[in-house]
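Okay, structure first, notes after.
The values are calculated or read from the model by the stated rules, or taken from the named source; none is laboratory data. Worth saying up front: this structure is predicted, and the values here are computed from it rather than measured. With ideal geometry, Cβ positions are generated from the backbone for all residues, glycine too; neighbour counts draw on all protein chains shown. Accessible surface is based on the protein model in full, side chains and every heavy atom, while ligands, DNA and RNA are left aside. Shrake-Rupley method; radii C 1.70, N 1.55, O 1.52, S 1.80 Å.
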Amino acid sequence: MTLWANALMEGVLLGGLYALFAAGLSLIFGIMRLVNLAHGDLIILAAFVVLSVAAWLNIDPFAATLAALPIMFLAGFALQYCILNRTLGRGLLPPLLVTFGLSIIIENGLLELYSADSRRLHGGSIETSSIALGHSIGIGVVPLLTLASAIVVILALNFIFYRTALGRAFRATADDLEISQLMGIDHPRIFSIAMGLAFVVITIAALYLGMRANFDPTIGPERLLYAFEAVIIGGLGSFWGTLVGGIIIGVAQTVGAQIDPEWQILAGHVAFLAVLVFRPRGLFPLPVD
Amino acid sequence: MALLETRRLTAFYGDFQALYGIDTVLQLGETVAIIGANGAGKSTYLKSIAGLIRGPAESVWFDGQPIGARQAADVMKRGITLVPEGRRLFPSLTVEENLLIGRYGRNVPGPWSLDAIYTLFPALKARRNSASTTLSGGEQQMVAIGRALVSNPRVLLCDEISLGLAPIVIRDLYNALTQIKAAGTSVIVVEQDIVQALRVSDRIYCFQEGRCSLSGRPTDLSREQIHLAYFGT
């Protein structure tokens, strides 16, 4: 019984990481209907940026992430403004092709710069710290921080979306691009701010990915798959939905692993397919989509 | 000097030419109506002024500046706003959010605060937190007008605001236009409803197949002249 409870708990906490993977993807898709195939590789790129900043400044990964956030925001803004904006409004294919190409460039660029060796963000004693729940269940501090960060990120994104003028501009642009221009909304700039925000979320995801497990330049596409699944389970454009989607995949994986370690990844995908069968639009689809 | 002027304005949709050298003038404080049958080019004319269709810079002049090549967001920031045909409210925004987004690009002091919009259209105040999709057609049109007004524009462009609405609602909307004009905003109204257009306007232009077929003051034009210019027969 304790093993199952532990598996369930681990799954919920793992869901926080998947929600962080998914939130940036959901943000971008929700505003500009851009499917970013480079999202997973961007997470890995951000992990290497945090790793490098931590090494250069000799600081811990949390401080390095704080230092990297403005750099990554600007990188996201520039990527959108200079490249991705040019692909929008010309059908589905151009953004798919460009982001696919970008993912290949990032992966190979990282292999060239950092080699294929596995890396890890070392957070010191916090990595092994845990909080005991009763005699036999313990919650790792880093996984708990991951879930808490996912919740804070989603709260912040919801605040921006539903309580600020910028959020109104995001939603108006997503609703009707042509009419949003009549409101004085400069949509290339709005899209670039959105991508900058997505990069901030990506960097936070990268911190916890790097502290939780080893990473190397080739593991991006798998993160993209988890992010996609969490977004689709939750319902496109719903931030809380991404958290629920992430938790469902996380729990499915840990419960699957509990049954048989080889079932871990498969169980996550099966859960995704099961949700698709019964709720093709996800669990929390937006009323306007 | 005219507040807004089009000079030999042309507009194209791909290879199709929708406007053929339209010359119009809007003076400060004036209300001008553009009338004409379906496909005459009225909406294209408004879109060209608003920057949704761009052409040579010198084809549209506002306040002495050529703006024909400017983007819509830039035109709005200069003080020209459009109430689009079919309302086109933002469905994911509430009524009040739809109004507030109207001043995203331009927030200048003037007579049209949020409270003033609610005074102009009292029905909206009680629905301020409702989803815009739940409103009646008339209420949606009020939101669309309020959204264009809340930035205190110098020129308000209205595209077929009576389309699909009950006569009593149309009357209320046109009464509101009279108040908007009285507050100092210049207005261009595109209409198929000739009676309403003639009632509120200082001058009219009649469009036929992308060309201006008639212009003048409503009081100076006969019913036959308007009929001929409108239908071409």
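Data table
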quantity	calculated
Kyte-Doolittle mean at least -0.5, axial Cα span of 15 Å or more - DSSP H helices of chain B	B:137-149, B:167-182
Gain in span if fully extended, A:N158 to A:A78, counting 0.36 nm per residue against the direct Cα distance	26.4 nm
Estimated D of the stretch B:146-201 in µm² per second, where Rh is the Kirkwood radius over Cα pairs and Stokes-Einstein applies at 25 °C, 0.890 mPa s	212 µm²/s
For the stretch A:1-148, the spread of Cα positions along each principal axis, largest first, Å	59, 36, 27
Ratio of the Cα radius of gyration of the stretch B:86-222 to 2.2 N^0.38 Å, where N counts its residues	1.08
Ratio of Rg to Rh over the stretch A:61-215 (Cα coordinates, Kirkwood Rh, two decimals)	1.05
B versus A: buried accessible surface, summed, Å² (probe 1.4 Å, to nearest 100)	2000 Å²
Solvent accessible area, Å² - A:F284, 1.4 Å probe, full protein context	100 Å²
With every protein chain in place, the stretch A:2-278: carbon and sulfur % of accessible area (1.4 Å)	69 percent
Exposure rank, largest accessible area first [A:S130, A:S149; 1.4 Å]	A:S130, A:S149
Computed [θ] at 222 nm, deg cm²/dmol, chain A (DSSP H ≥ 4; -39,500 (n - 2.57); rounded to nearest 500)	-25000 deg cm²/dmol
Complex-versus-alone comparison for the stretch A:147-168, residues with a loss of 30 Å² or more in accessible area, probe 1.4 Å	A:R168
Nearest-20 debye value, the protein assembly as shown charge dipole, Cβ charges on Lys, Arg, Asp, Glu	1160 debye
Percent antiparallel among DSSP beta bridges (both partners in the protein assembly as shown, rounded to 5)	55 percent
Pairs of Cα atoms farther than 22 Å apart, the stretch A:31-105, %	32 percent
Surface per residue (accessible, 1.4 Å probe) for the stretch B:106-167, Å²	38 Å²
Vicinal HN-Hα couplings computed from phi for the stretch A:143-159 (Karplus, 6.51 cos²θ - 1.76 cosθ + 1.60; Hz; Gly/Pro x)	x, 5, 5, 4, 5, 4, 5, 4, 5, 5, 4, 5, 4, 5, 5, 5, 4
Convex hull volume of the protein assembly as shown per residue (C-alpha atoms, cubic angstrom)	180 Å³
Accessible surface of the stretch B:35-173 [probe 1.4 Å, protein heavy atoms]: carbon and sulfur percent	49 percent
The stretch A:2-278, dipole about Cα centre (Lys/Arg Cβ +1, Asp/Glu Cβ -1), debye to the nearest 20	640 debye
Value of D in µm² per second that Stokes-Einstein yields for the stretch B:1-64, Kirkwood Rh from Cα pairs, at 25 °C (0.890 mPa s)	202 µm²/s
Other-chain or far-sequence residues with amide H under 5 Å of B:T31's (modelled H)	B:V187, B:D202, B:R203
FRET efficiency, 1/(1 + (r/R0)^6) with R0 25 Å, evaluated for A:E178 and B:R211 via beta carbons	0.45
³J(HN,Hα) computed for each position of the stretch A:5-22 - Karplus, 6.51 cos²θ - 1.76 cosθ + 1.60, integer Hz, glycine/proline x	4, 4, 4, 4, 4, 4, x, 4, 5, 4, x, x, 5, 5, 5, 5, 4, 7
Candidate lysines - alpha carbon under 17 Å from B:K47, same-chain residues fewer than 8 apart omitted	B:K77
Relative contact order (percent, whole number), the stretch A:2-278, Cα cutoff 8 Å, 6+ residue spacing	40 percent
Relative counts (whole %) of C-alpha pair distances in the stretch A:2-278, using bins that are 5 Å wide	1, 6, 12, 17, 19, 17, 13, 8, 4, 2, 1, 0, 0
Karplus-derived HN-Hα couplings along the stretch B:34-40 (A = 6.51, B = -1.76, C = 1.60, θ = phi - 60°), whole Hz, x at Gly and Pro	10, 10, x, 6, 4, x, 6
Percent of beta bridges antiparallel (DSSP, chain B, rounded to nearest 5)	50 percent
Percentage of interatomic Cα-Cα distances in chain B larger than 28 Å	27 percent
Spacing of the two label points (7 Å from each Cα toward its C-beta) at B:A37 and B:I168, in nm	3.4 nm
Within chain A, longest stretch clear of exposed trypsin sites (Lys or Arg not before Pro) (DSSP loop, no more than 13 other Cβ within 10 Å)	A:91-280
Cut-off under 5 Å, modelled amide H: who pairs with B:G216 long-range	B:I204
